[in-house]
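The values are calculated or read from the model by the stated rules, or taken from the named source; none is laboratory data. From a predicted model like this one, the values you see are computed outputs, not experimental measurements. Note that we place each Cβ from the backbone using ideal geometry, even for glycine, and neighbour counts take in every protein chain shown.
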Amino acid sequence: MNYCPACGTGYDDGQKRCADCAVDLIELVADEAPPGKLLTVAALDTPMKAAILASRLEAEGVECFIADAETVGMHGLLAGAVGGVKVQVRETDAPRAAGIVRSVYPSPSRPACPGCGSEETRRKGLSLPMAVLVVLTFGVLALFLAPTWICTPCSREWR
């Protein structure tokens with residue numbers, strides 16, 4: 001099987017040039033995977049965290065690449081500007097890698113709506129003047145008040 005080095009499209013053995021890119025095709029060796037599109041499965045704030053996640057992915061058999069580690073390593077404040085240190089995998093491995101990333105870095109859980117069961121919920125916040133008033137009135141006890149949650153689809157509120 002042959003593939004295009006520019007776009008990664010695979011072709012039967014009879015063709016010599018890519019129909020889309022007009023580039024000569026390269027023969028695919030049995031043990032070599034064609035270069036494909038890379039997808040970012042995680043963006044972290046330090047190169048060390050990205051290396052640890054990459055080690056975990058490779059231990060699970062997912063080939064991964066780290067992008068922007070040198071930039072963030074040279075000047076850590078650039079992490080926000082470049083979008084963090086990115087851990088990337090091939091498009092074909094992305095669903096499996098995403099599951100591994102979720103197991104390593106679970107997302108903060110939100111309560112499900114008691115009315116419709118949706119997990120599209122958000123915490124209802126206080127305005128700044130109201131928050132100041134509550135803290136001044138109740139002091140430290142205000143920290144122990146139960147938060148109010150709102151369901152986005154059905155607009156139900158609960159504590």
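What to note about this one:
- Given (1) touching a helix residue (DSSP H, G or I) at 6+ places or on another chain (Cβ under 8 Å); (2) exposed (fewer than 12 other Cβ atoms within 10 Å of the Cβ), number of the condition ARG123 does not satisfy: (1)
- Failed criterion for ALA112 (all others in (1) over 30 Å from SER155 (Cα atoms); (2) among the aliphatic types (A, V, I, L, M); (3) surrounded by 13 or more Cβ atoms within 10 Å (Cβ to Cβ) hold): (1)
- Figure legend. Inter-residue proximity from the stretch 52-80: first residues farther than 18 Å from THR92 by Cα, second residues of a type in the set (Asp, Glu) and surrounded by fewer than 18 Cβ atoms within 10 Å (Cβ to Cβ), beta-carbon distance below 6 Å, spacing 6+ or different chains. Indicated pairs: ALA79/ASP45.
- Among the candidates ARG159, ARG102, the residue that is under 30 Å from CYS64 (Cα atoms), without any contact (Cβ under 8 Å) to a residue 60 or more places away in the chain, surrounded by fewer than 13 Cβ atoms within 10 Å (Cβ to Cβ) and basic (Lys, Arg) is uniquely ARG102.
- Being acidic (Asp, Glu) and either modelled with pLDDT under 85 or in contact with a Phe, Trp or Tyr (Cβ under 8 Å, 6 or more places away or on another chain) (or both) is a property that GLU58 lacks.
- Condition check for THR40: in a helix (DSSP H, G or I), of a type in the set (S, T, N, Q) and surrounded by 12 or more Cβ atoms within 10 Å (Cβ to Cβ): no
- The residues in the stretch 1-16 that are surrounded by 13 or more Cβ atoms within 10 Å (Cβ to Cβ) and farther than 18 Å from LYS37 by Cα can be counted, and the count is 0.
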